[in-house]
Amino acid sequence: MPFVLAPNLWSRLSGRGPRSIAARERAHGDGLLVDLDSPEALEEVFWRVFCGRDYLCGDRLVPMTAAPEIREKFARYVGALLQEAPDKRYLSKNNNNVLRLPSIAAAFPQAVILVPFREPLAQAGSLFRQHRRFCSPEHDGAFTRRYMGWLGHHEFGPGHRPFDFDGSLPQGDPTAGADYWLQQWIAVYRFLLKAAPPQAVFVSYERLCAETGLVWPTLCDRMALPALEPTEALRLPQQPRPLCTDTALQEEADALHARLLARAL
């Protein structure tokens with residue numbers, strides 16, 4: 001994917017050739033089909049190129065604050081992406097943004113920042129399964145390692161680097177079970193409850209699926225979007241909940257989840 005930092009140039013060049021390929025399931029194995037025209041989250045390349053030393057450490061990722069000139073450069077980058085967008089709305093889906101939400105809010109004061117969350121063990125189990133999947137011989141190759149590193153994608157897989165908000169990292173083996181990933185869930189959402197900007201909107205995935213008729217219109221209203229019905233019913237994944245071997249850890253996660261629910265739509 002060349003010219004990521006010159007998206008309009010690449011759009012003009014790539015539009016000249018044939019682009020007909022069959023959609024296929026993405027590497028995550030989650031049923032989502034992708035093809036050459038599927039949206040892709042590549043903006044992390046911008047942050048890695050201009051601010052990589054501020055948040056990418058050898059064994060972890062840490063919070064960062066972008067300098068004013070970097071925020072202005074990012075706003076121009078987003079503006080370039082919007083040149084051919086009829087509605088002039090930009091949707092960023094980037095897990096690493098948890099490290100820089102105040103900087104994003106400063107660059108885009110009118111932005112709505114959505115903070116989705118799942119039930120703790122469901123999220124920990126999902127991360128655990130993805131980590132094992134991407135560490136398997138089928139996925140763990142030289143190209144996958146380079147590509148995910150180039151994207152700044154370290155949430156799971158052989159290039160995994162945990163988020164570190166307070167000088168501590170999750171303990172244990174990430175390939176052994178859900179406990180490691182539950183520690184990361186706690187660290188992320190404890191930090192977000194404290195550091196998320198005022199325009200952050202917390203969204204419970206379980207509540208969105210179970211009470212779509214209530215949560216969806218409210219969410220659309222907060223984003224100034226028409227409350228069109230979802231094209232497909234929102235359903236929870238039918239995955240078994242993993243076991244947590246640490247009772248205290250489970251209780252801490254449950255208490256934090258209750259705080260998130262109290263603040264969420």
Index of the failed condition, F202 passing every other in (1) under 19 Å from the mean Cα position of the chain (by Cα); (2) exposed (fewer than 15 other Cβ atoms within 10 Å of the Cβ): (2)
Pairs, first under 21 Å from F50 (Cα atoms) in segment 72-95, second β-branched (V, I, T) and assigned to a loop (DSSP other than H, G, I, E, B), C-beta under 7 Å, six or more apart: none
Unmet criterion (only one of (1) under 30 Å from A178 (Cβ atoms); (2) surrounded by 17 or more Cβ atoms within 10 Å (Cβ to Cβ); (3) modelled with pLDDT under 95) for F46: (1)
Residues of segment 114-168 that turn out to be under 18 Å from the mean Cα position of the chain (by Cα) and on the phi > 0 side of the Ramachandran plot, as a count: 2
Extreme residue, surrounded by the fewest Cβ atoms within 10 Å (Cβ to Cβ), among residues of segment 65-107 that are in a loop (DSSP other than H, G, I, E, B) and modelled with pLDDT of 95 or more: A67
Pairs, first more than 25 Å from Q110 (Cα to Cα) in segment 217-238, second charged (D, E, K, R), C-beta under 7 Å, six or more apart: L236/E206
Lone unmet requirement of (1) among the aliphatic types (A, V, I, L, M); (2) surrounded by fewer than 17 Cβ atoms within 10 Å (Cβ to Cβ); (3) assigned to a strand (DSSP E or B) for V115: (2)
Whichever residue in segment 240-265 is surrounded by 11 or more Cβ atoms within 10 Å (Cβ to Cβ) and polar (S, T, N, Q) and, among such residues, is modelled with the highest pLDDT: Q250
Total residues in segment 221-265, condition over 20 Å from the mean Cα position of the chain (by Cα) and either of a type in the set (F, W, Y) or farther than 22 Å from Y189 by Cβ (or both): 13
Residues within segment 133-168 that are polar (S, T, N, Q) and touching a Pro at 6+ places or on another chain (Cβ under 9 Å), tallied: 1
Yes/no for A200 being touching a strand residue (DSSP E or B) at 6+ places or on another chain (Cβ under 9 Å) and within 30 Å of Q110 (Cβ to Cβ): yes
Selection from segment 40-64 of residues that are acidic (D, E), under 16 Å from the mean Cα position of the chain (by Cα) and not in a helix (DSSP H, G or I): E40, E43
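The values are calculated or read from the model by the stated rules, or taken from the named source; none is laboratory data. This structure is a prediction, so every number in the text was calculated from the model and none was measured. Note: ideal-geometry Cβ built from the backbone for every residue, glycine included; neighbour counts use all protein chains shown.
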